[in-house]
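Student: Mind looking over this structure? Questions follow.
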Amino acid sequence: MSGRLAPSILSADPTRLLEAVRLVEGLGAGLIHIDIMDGHYVPNLTFGPELVRALKKHTPLPLDVHLMVDEPGRIIPLFLAAGADWLSFHPEASTHVHRDLYQIKEAGRKAGLVLNPATPPDVLSEVLPDLDFILIMCVNPGWGSQAFIPACRDKIRRLKKRIDEAGLNIPLCVDGGVKADNIAGLVADGAEVLVAGSAIFSDPDPAGAFNRLARLAGDERQG
Ligand code: DX5
Ligand code: ZN
């Protein structure tokens, strides 16, 4: 992975998604974050596996698929077949968390769990060594452009400490409300991947916004 930024195309113009992907690819994004919402686990509806399959043909960047769906185990095979590289789901939405993680891992893809703002890190305990990454939500899942919940910073620091003390190497990814005014602090807290949607794509100058965030996050390519 090159850059630390994982632009979320949820906030991009839905009629111009490929342009959005190509823009951030050219600027040094590390991943493309794709938010899947099912209208049940969260009220909103977004994309499906066909978008993942289509984008996969047009970008070399890993596709980071964030499943905000009930019973992710049922739909994981469709996203694996579509070419998702990183796949994460919310543990409270899955009846069989371990099985669902291993569906992803056995396909050779990266498996992650997502913590909502009110979800304590303890839910990860039994599967911590199995995780390839952890996605920490700093907003409640469902929409872009929501306000950052400051209490999440302490959770990032606690998780980082716990992972380091266990001698594990599990990247912490932060999703929701990531902006120019908090991104450097999140990196200092231990975040390695920063998902940013509206901070990039709702800016009148998305390329300038991307470069500013990348610089603040300490991406080397941005000097
Ligand atoms: C929220 C999604 C996020 C969203 C972030 O449910 O999981 O990935 O795109 O959007 P911003 O960066 O605008 O908070
Ligand atoms: Zn997301």
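The values are calculated or read from the model by the stated rules, or taken from the named source; none is laboratory data. Quick caveat, the model's predicted, so the values are computed rather than measured. Quick reminder, even Gly has a Cβ in these numbers, built from the backbone with ideal geometry, and neighbours come from all protein chains shown. Quick note on the areas: whole protein, heavy atoms, side chains included, nothing else; ligands and nucleic acids left out. Shrake-Rupley method; radii C 1.70, N 1.55, O 1.52, S 1.80 Å.
Student: Would you pick out the residues in the stretch 76-92 that are among the aliphatic types (A, V, I, L, M) and crowded, with 21+ Cβ neighbours inside 10 Å? Reasoning before the result, please.
Tutor: Taking the stretch 76-92 first, the residues among the aliphatic types (A, V, I, L, M) are 76, 78, 80-82, 84, 87.
Across the stretch 76-92, the qualifying residues are I76, A84, L87.
Student: Counting only residues that are touching a strand residue (DSSP E or B) at 6+ places or on another chain (Cβ under 8 Å), away from ligand 1 (no atom under 11 Å from the Cβ) and open to solvent by less than 40 Å² (accessible area, probe 1.4 Å), how many does the stretch 188-214 have?
Tutor: Of the stretch 188-214, the ones touching a strand residue (DSSP E or B) at 6+ places or on another chain (Cβ under 8 Å) are 190-197, 200-201, 210, 213-214.
Cutting the leftovers down to away from ligand 1 (no atom under 11 Å from the Cβ) gives us 190-193, 210, 214.
After this cut, where a residue has to be open to solvent by less than 40 Å² (accessible area, probe 1.4 Å) as well, the list is 190-191, 193, 210, 214.
Total satisfying the criteria: 5.
Student: Here's a check for you: in the stretch 160-175, which residue that is within 22 Å of L213 (Cβ to Cβ) and without any contact (Cβ under 8 Å) to a residue 60 or more places away in the chain is nearest to ligand 1 (Cβ to nearest atom)? Break it down into steps so the answer makes sense when it comes.
Tutor: Just the residues of the stretch 160-175 that are within 22 Å of L213 (Cβ to Cβ), to begin with: 160, 171-175.
Right, trim to without any contact (Cβ under 8 Å) to a residue 60 or more places away in the chain and you get 160, 171-172, 174.
Working: K160: 20, P171: 16, L172: 15, V174: 10 Å.
Among those residues, the one meeting the criterion is V174.
Results for (1) within 16 Å of ligand 1 (Cβ to nearest atom); (2) free of Cβ contacts under 8 Å to residues at least 40 places away in the same chain, shown as yes or no for each residue.
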{"residue": "C138", "(1), (2)": "yes, no"}
{"residue": "P150", "(1), (2)": "yes, yes"}
{"residue": "L216", "(1), (2)": "yes, yes"}
{"residue": "D219", "(1), (2)": "no, no"}
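Student: Is the stretch 18-28 home to any residue that is of a type outside the set (V, I, T), out of contact with any Lys or Arg (no Cβ under 8 Å at 6 or more places or on another chain) and closer than 25 Å to L131 by Cβ?
Tutor: In the first step, residues of the stretch 18-28 are kept if they are of a type outside the set (V, I, T); the result is 18-20, 22-23, 25-28.
Next cut, out of contact with any Lys or Arg (no Cβ under 8 Å at 6 or more places or on another chain) only: 18-20, 22-23, 25-27.
Next, only the ones that are closer than 25 Å to L131 by Cβ stay: none.
There is no residue in the stretch 18-28 that is of a type outside the set (V, I, T), out of contact with any Lys or Arg (no Cβ under 8 Å at 6 or more places or on another chain) and closer than 25 Å to L131 by Cβ.
Student: Quick check: is even one residue across the stretch 145-167 touching a His at 6+ places or on another chain (Cβ under 7 Å) and modelled with pLDDT of 95 or more?
Tutor: Quick first cut of the stretch 145-167, residues touching a His at 6+ places or on another chain (Cβ under 7 Å) only: none.
Scanning the stretch 145-167, I find no residue that is touching a His at 6+ places or on another chain (Cβ under 7 Å) and modelled with pLDDT of 95 or more, so the answer is no.
Student: Of the residues D219, D175, which single one is buried (at least 19 other Cβ atoms within 10 Å of the Cβ) and touching an Asp or Glu at 6+ places or on another chain (Cβ under 9 Å)?
Tutor: Details: D219 fails: touching an Asp or Glu at 6+ places or on another chain (Cβ under 9 Å).
Just one listed residue meets the conditions, D175.
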